[in-house]
Amino acid sequence: MKQQVRVVASNHLPGVVSSVSSGEVKQGDQIYSVAGVGVYAAEGDTPFYEDIKPKSTGENVKQAESFLKSQGHFQGHPDTTFDEGTTRGIKAWQAASGQKADGIIPLGRLVAIAKLPAQVQLAEGISPGKQLAGGEDAVLVASGSRNFTLSLTAEQAAMIPQDSTVNVQADKLTWPALIKSSSSDESGGVILTLVGKNGGAVCERDCDKLPAGTSITLRSQVVVVPATTGVGIPASAVRTGPSGTAQVQTEAGQVDVKVKASGQGMVIVEGLKAGDRVKVLESATEPS
């Protein structure tokens, strides 16, 4: 699966990366730290662009107050004005998270992500032990469309009917997909393009639960023959009636049935109940 990603935050902390935590993050989770100083996820559409401190105004203040409120450290309705309530909330959050409680959130401590929880990816330079100077790309999230494909050899592709269902798995989630089109790659293999049952992305409403990488390998299972349930009887018990319908001989007489599937001398039919006794016509034996 391939998807677009975008940078939602740059790093503003100089020093050595001391911890990282990519994957799914929730409001208030620490994403990474530099020299022991944490960087935290906060829901918001506007990137944080300055320190949050007395006399600050604007959307950054409102987002910070919303963040503090979600953590249980701000009373009242978040707005764009920094006041005493903002200071109290910041100090309470700082104390609870082991920071110096000075009432100021320096630029770089909060990362605005439009919707949380979300899957995030850290840029290549954000890894334990790396020396940072500040200004590096730091946090990425998925954006745009997700393109699901299945890579096969030509021999494998020849065995898969166009109307097959492909079950795509990501962690505990499974999505049924349809084959939209096929194409060849440079090595002579076949690339099947997959879509969801409704023609959209395979992941449908769960796309935000996918990892944030640009290229992700997922498990898949091709269902060539759909599972069929019903009453099973020997194929030799079925005959074609005068009108062309399938029939079986039961103790109660001829019964029209619909054959749903067949294989290995057995058929699955509609029109009979479990326990009905049918006559195997070819052997002319007693009903079995």
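The values are calculated or read from the model by the stated rules, or taken from the named source; none is laboratory data. A quick note: this is a predicted structure, and the numbers were derived from the prediction, not measured. Glycine also receives a Cβ, built like all others from the backbone with ideal geometry; neighbour counts cover every protein chain displayed. When the accessible area is computed, the model is the full protein with side chains, heavy atoms only, and any ligands, DNA or RNA have been set aside. Shrake-Rupley method; radii C 1.70, N 1.55, O 1.52, S 1.80 Å.
Structure notes:
- Segment Q221-D29, extension gain: residue separation times 0.36 nm, minus the distance between their alpha carbons: 65.7 nm
- Within the shell of other residues whose beta carbon sits under 11 angstrom from the beta carbon of V7, the net charge comes to -1, with Lys and Arg scored +1 and Asp and Glu -1.
- Computed over protein heavy atoms with a 1.4 Å probe, the accessible surface of segment 40-101 works out to 53 Å² per residue.
- Number of Lys pairs (Cα under 15 Å; 8 or more positions apart or on different chains) in segment 17-122: 7
- The phi torsions of segment 174-186, fed into the Karplus equation with coefficients 6.51, -1.76 and 1.60 and a -60° offset, translate into couplings of 9, 10, x, 10, 10, 7, 8, 7, 9, 8, 9, 9, 5 Hz, rounded to whole numbers, with Gly and Pro shown as x.
- The chain, helix-only ellipticity at 222 nm - DSSP H runs n ≥ 4, -39,500 (n - 2.57), divided by all residues, nearest 500: -3000 deg cm²/dmol
- Percent RCO, i.e. relative contact order, over segment 7-76, from Cα pairs under 8 Å lying at least 6 residues apart: 22 percent
- A simple count of charges around Q94, restricted to other residues whose Cβ falls under 10 Å of its Cβ and scoring Lys, Arg +1 and Asp, Glu -1, yields +2.
- Close amide-amide hydrogen proximity is noted between V8 and V139, L140, V141, each under 5 Å apart and 5 or more residues distant or on a separate chain (H modeled in the peptide plane; Pro and chain starts excluded).
- Cβ charges +1 (Lys, Arg) and -1 (Asp, Glu), total dipole of segment 1-149, debye: 240 debye
- Couplings for segment 116-132, taken from phi via the Karplus curve 6.51 cos²θ - 1.76 cosθ + 1.60 with θ = phi - 60°, read 10, x, 8, 8, 10, 10, 8, 4, 4, x, 9, 9, x, x, 6, 8, 10 Hz in order; Gly and Pro are left as x.
- Near V39: Cβ cut-off under 11 Å, other residues only, Lys/Arg at +1 and Asp/Glu at -1. The net charge is 0.
- Crossing angle, helix 59-70 versus the chain [Cα axis fit, 0-90 degrees, rounded to tens]: 70 degrees
- Tensor-based shape of segment 1-142 (alpha-carbon gyration tensor, a/c under 1.5 rounded, otherwise prolate or oblate): prolate
- Listed values [x] 29, 23, 19; [y] 35, 20, 18; [z] 62, 23, 15, entry calculated as semi-axes √(5λ) of the Cα gyration tensor in Å: [z]
- Prolate/oblate/rounded call for segment 61-115, Cα gyration tensor, a/c under 1.5 rounded: rounded
- Computed over the chain, relative contact order equals 18 percent, with contacts defined as Cα pairs under 8 Å that lie 6+ residues apart.
- Portion, in percent, of the accessible area of the chain that falls on carbon or sulfur, probe 1.4 Å: 49 percent
- Net lengthening on full extension, S184/Q99 (0.36 nm per residue, minus Cα-Cα): 25.0 nm
- Coupling constants for segment 257-266 follow from the phi torsions by the Karplus curve (6.51 cos²θ - 1.76 cosθ + 1.60, θ = phi - 60°), and in residue order they are 10, 10, 7, 9, 7, 8, x, 6, x, 10 Hz; glycine and proline get x.
- Euclidean distance of C-alpha centroids, segment 1-26 and segment 55-77, integer Å: 23 Å
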